[in-house]
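Reading through the structure tokens given below for one structure.
The values are calculated or read from the model by the stated rules, or taken from the named source; none is laboratory data. Predicted model, so just to flag it, every value in this text is computed and none were measured. FYI the Cβ positions are ideal-geometry reconstructions off the backbone, even for glycines, and counts take in every protein chain you see. These accessible areas exclude ligands, DNA and RNA; they are computed on the full protein's heavy atoms, side chains included. Shrake-Rupley method; radii C 1.70, N 1.55, O 1.52, S 1.80 Å.
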Amino acid sequence: MTETLTQPLIDELDRRLNTGETPLAAYKTALRDSRERFAQRFESGKEVELLVHAAADFVDAVLARVWSQFLPEGTDAALIAVGGYGRGELHPASDVDVLILTARDPQSLAQHIEPLVVFLWDIGLEVGHSVRSIEQCVDEARADITVVTNLVESRLLTGDQALFERLIDATGPDHIWSSQAFFSAKVEEQRSRYAKFDDSGHNLEPNLKEGPGGLRDIQTIGWVAKRHFGVSTMKDLVDRGFLTDHEYQRLRLGEQHLWRVRYALHLLTGRHEDRLLFEHQRALATQFGYSDVDANLAVEQFMQGYYRRVVEMQRLNEMLLQLFEEAILLDNQLGEPVIINRRFQARNGYLEVRNQGIFARYPLAMMELFLILQQHPELQGVRASTIRLVRAHRHLIDHRFRKDIRARTLFIEIFRHNDGLTHATRRMHRYGILSRYLPAFHFVMGLMQFDLFHVYTVDEHILMVIRNMRRFAIDAHADECPRCNEVYTQLPKPELLYLAGLFHDIAKGRGGDHSELGADEARRFCRRHDLSEFDAELVAWLVKQHLVMSYTAQHRDIDDPDVVREFAESVATLMRLDYLYLLTVADMRGTNPGRWNSWKAALLDRLHQRTREALERGLDRPQHQDEIIAQRQAEARIRLLKDGFDHNQLNLLWMSLSTEYFLQNTVEAVVWQTKLLWPPGRQINGMEVELRNDPIHRCTDIFIFGPDRDDLFAHTAALLDQLGLNVLSARIHTSDHGLSISTFLVLEDDGTEIKDRERLEGIRHYLRDGLNDAEPPLGRPRIPRQLKSFQMPSEIRFRQDENRIVTLLQLKTSDRPGLLSLVGQAFAANELRLHCARIATAGAEAQDSFAITDREDKPIVDLQRQESIAESIRHILDD
């Protein structure tokens with residue numbers, strides 16, 4: 001069928017060559033015309049499969065003609081296509097890989113081959129080539145699995161047929177890389193490849209070739225099948241019983257979808273690009289005909305289709321490789337079965353059905369299968385033949401199945417049986433059972449959120465949250481979140497936590513508040529599964545409130561007892577608090593593991609502890625700010641007096657500091673900073689800097705003090721940015737004597753704590769020298785590529801904090817390097833005094849809050865003044 005596409009191009013090339021046009025011009029024009037013609041056909045809807053093969057056919061014709069031009073007839077050499085080109089597949093920017101095989105020393109043909117390769121590059125055909133003898137090919141292939149893989153799909157283009165056949169024989173499984181060794185190597189190669197992508201095809205910027213479920217998974221099946229079984233097409237696997245007709249069609253449709261995306265991506269970028277980068281996803285979504293609908297962006301719909309395809313390809317790959325393992329490694333000698341019950345047995349460490357018709361006669365066995373795996377941890381998984389039966393019969397999980405009390409009991413029992421829950425839920429998802437049993441789950445399969453905050457699709461995220469919850473029960477993981485493991489042991493019914501995790505995001509993508517919609521789903525589910533009304537309401541409450549604790553910890557001042565009291569009132573009971581705390585930690589860790597850090601863990605731990613104290617004390621007996629300040633001063637005083645500090649001098653120093661200072665600092669911080677500021681009233685001419693590791697906040701505490709000045713915050717923020725530090729919180733106080741006292745809580749840019757002594761000392765010296773230099777660092781840092789895809793106009797809001805007599809400026813803007821410094825410049829230009837900054841980032845979006853006053857420490861209440869400040873910030877950030 002490709003002849004109708006390629007033959008006119010070949011005829012036109014021959015006409016140009018026969019009418020006296022120079023070969024260089026003729027070939028160059030022919031290649032350019034072919035690319036343009038194929039691109040036009042693709043954009044007009046021509047099947048991508050035809051275009052991919054047609055492009056290879058046309059390059060075949062070009063190479064054959066060029067070969068005859070440069071190598072004398074009868075030369076003992078062959079031109080061989082390898083790799084993807086060897087399969088007869090070429091995308092617009094695919095590599096054209098060839099092997100020039102020689103019968104003698106390759107150097108003997110150098111005078112012909114070197115001009116040939118130069119000519120190919122001159123006409124615009126960027127070939128990847130190697131020149132080897134058969135002996136060299138054998139040596140290279142024996143040492144490198146990738147070389148023998150390329151040869152598996154080699155194809156003679158022109159030249160010595162007999163020489164090519166000798167190569168195929170010499171590198172066949174009878175001589176090197178037996179079928180067993182080849183299979184084992186390709187499986188290990190796939191494991192390593194998966195590890196580079198965190199074993200997930202759902203990455204934000206997936207690689208459609210190398211990622212799990214991508215084209216490489218399909219190619220791996222083909223390589224193994226060709227090497228061991230000698231088949232030339234996937235269709236041949238149907239005849240051999242490895243694929244059903246339906247599976248073959250699904251595999252073919254998946255490959256064609258990935259090809260269409262890859263073809264379009266090459267045309268869009270004009271280069272060999274297999275990564276679906278953010279900046280390309282939007283353009284491809286539009287090209288594929290998607291448009292924004294209600295709560296789903298076009299790009300999210302496009303990527304959901306992509307993710308669903310790669311998941312299906314990954315499942316087929318998993319099943320086929322297991323079937324191949326039985327045929328190749330075990331030689332179909334599976335050993336004797338071990339009976340488990342009337343429906344299941346174990347064989348070679350894998351679970352299988354005892355009868356091929358069991359699911360048709362007793363569909364409930366499809367749910368029972370997962371519980372049996374939990375009850376028998378010695379089992380490694382499910383046999384591929386049984387997985388195929390599950391997939392073939394999952395349509396029997398219908399309304400009637402869901403109403404069956406036995407099915408409901410089995411499902412709940414899976415969640416009550418803690419051991420193996422992570423594997424059970426993931427297998428239920430992979431085999432298509434979870435989405436059949438919970439139709440709501442089907443709608444979030446492959447659903448992505450186009451931002452940098454949510455790194456998993458919704459379905460993957462939900463399963464990750466359940467996995468995180470399960471780890472709270474395992475001692476081996478206690479070092480990850482020690483407090484969570486302690487709290488988990490106090491839960492009366494852990495299964496309610498897991499169910500809340502299952503439903504917390506299940507209503508995303510519908511429009512409206514997914515927390516409320518999900519709570520309704522959870523409540524109906526619990527009642528339908530005969531949970532008590534108390535348990536049903538607890539699960540529904542957790543789903544509805546699952547974002548509250550995270551927001552409170554990151555965006556509000558949890559040092560403020562009023563904030564803690566308000567949160568405690570919303571939680572109401574210690575049991576609810578414990579469940580919500582564990583759900584919040586599991587959710588945050590499962591949203592973006594790279595953004596989870598010790599600071600966020602400390603925030604949640606402190607909020608949990610303070611709320612527990614408030615609930616135990618009683619909501620009718622709240623702790624007031626004055627009590628907290630008096631208590632902290634008393635504890636700090638005791639420690640300092642023991643170290644020989646004078647009582648009256650302590651009073652003198654502390655009287656020069658605001659009450660906010662003692663409310664926002666721990667006892668440990670007050671003691672440390674008092675020693676650094678001692679004695680009271682001493683002359684401090686320049687900026688001084690000290691650092692310590694803060695065990696309570698689990699980050700590095702940078703303490704900066706010296707004469708106050710307008711640009712101090714902007715200057716400090718610029719230096720911290722140059723040091724590659726992530727600022728988590730900033731607190732700025734000014735003493736009655738004009739001394740600026742600033743505390744910056746920081747981590748390394750990758751979210752880790754700063755432990756190295758030399759690094760700490762280097763930071764101290766850099767800040768001290770930089771702050772005592774009159775000129776702050778100039779220039780705007782470069783915005784990273786990923787952030788450029790999520791630029792947004794800045795949103796600025798003001799509200800008054802009556803208790804603290806400050807104005808809270810809330811800023812939502814695109815995150816970028818140097819953001820705090822730019823904001824600080826705006827504050828200095830508007831003669832504002834910053835008292836406190838809370839820094840929070842959700843992906844590419846910064847959500848920061850600043851407590852500000854004017855120079856006289858008065859709040860900004862005038863609306864025109866507020867708008868002037870907002871306009872100044874927008875000018876600096878958005879222009």
*Considering every residue within the stretch 459-472, establish whether at least one is among the aromatic types (Phe, Trp, Tyr) and either open to solvent by 30 Å² or more (accessible area, probe 1.4 Å) or on the phi > 0 side of the Ramachandran plot (or both).*
no
Checked against (1) assigned to a strand (DSSP E or B); (2) surrounded by 13 or more Cβ atoms within 10 Å (Cβ to Cβ), LEU719 satisfies every condition except (1)
Given the conditions (1) outside any strand (DSSP E or B); (2) open to solvent by less than 30 Å² (accessible area, probe 1.4 Å); (3) in contact (Cβ under 8 Å) with a residue 24 or more places away in the chain, every one holds for ALA346 apart from (1)
Expected output for the stretch 410-429 (first residue polar (S, T, N, Q), partner modelled with pLDDT of 95 or more and open to solvent by 50 Å² or more (accessible area, probe 1.4 Å), Cβ below 7 Å, 6+ apart or cross-chain) is THR422/ARG467
Counting only residues in the stretch 349-375 that are among the small types (Gly, Ala, Ser) and part of a helix (DSSP H, G or I), the one farthest from the chain's Cα centre (by Cα) is identified as ALA360
Being modelled with pLDDT of 90 or more and within 18 Å of GLY824 (Cα to Cα) narrows LEU719, LEU712, LEU747 down to just LEU719
Original post:
Is it fair to say GLY644 is open to solvent by less than 40 Å² (accessible area, probe 1.4 Å), at positive phi and free of Cβ contacts under 8 Å to residues at least 24 places away in the same chain?
Top reply: no
Wholly inside the stretch 223-309, helices (runs of 4 or more DSSP H) that include 1 or more residues that are touching a residue at least 60 places away in the same chain (Cβ under 8 Å) and among the acidic types (Asp, Glu) are 245-269, 278-287
Okay, helices (runs of 4 or more DSSP H) sitting entirely in the stretch 68-143 with 3 or more residues that are over 35 Å from the mean Cα position of the chain (by Cα) and β-branched (Val, Ile, Thr), I get 110-122
Of the listed residues (ARG865, ARG816, ARG855, ARG838), the one being open to solvent by 10 Å² or more (accessible area, probe 1.4 Å), among the basic types (Lys, Arg) and under 17 Å from PHE453 (Cβ atoms) is ARG816
Residues in the stretch 194-214 that are under 17 Å from TRP259 (Cα atoms), surrounded by fewer than 23 Cβ atoms within 10 Å (Cβ to Cβ) and of a type in the set (A, V, I, L, M) total 0
Those residues of the stretch 728-758 which are more than 14 Å from TYR661 (Cβ to Cβ), open to solvent by less than 50 Å² (accessible area, probe 1.4 Å) and among the charged types (D, E, K, R) amount to GLU748
Looking across the stretch 506-515 at residues that are open to solvent by less than 60 Å² (accessible area, probe 1.4 Å) and out of contact with any Asp or Glu (no Cβ under 7 Å at 6 or more places or on another chain), the single one that is nearest to SER550 (Cα to Cα) is SER515
Scanning the stretch 664-689 for residues that are in contact with a Lys or Arg (Cβ under 8 Å, 6 or more places away or on another chain) and not in a loop (DSSP other than H, G, I, E, B), the one nearest to ALA630 (Cα to Cα) turns out to be VAL667
The residue from ARG816, ARG874 that alone is under 38 Å from the mean Cα position of the chain (by Cα) and part of a loop (DSSP other than H, G, I, E, B) is ARG816
Residues of the stretch 533-546 being of a type outside the set (Gly, Ala, Ser) and free of Cβ contacts under 8 Å to residues at least 40 places away in the same chain, in sequence order, are GLU533, PHE534, GLU537, TRP541, LYS544, GLN545
Considering residues that are among the small types (Gly, Ala, Ser), open to solvent by 20 Å² or more (accessible area, probe 1.4 Å) and over 14 Å from GLY432 (Cβ atoms), the number found within the stretch 358-402 is 2
Within the stretch 739-767, residues small (Gly, Ala, Ser) and part of a loop (DSSP other than H, G, I, E, B) come out as GLY751
Within the stretch 680-695, residues being more than 48 Å from the chain's Cα centre (by Cα) and open to solvent by 60 Å² or more (accessible area, probe 1.4 Å) number 4
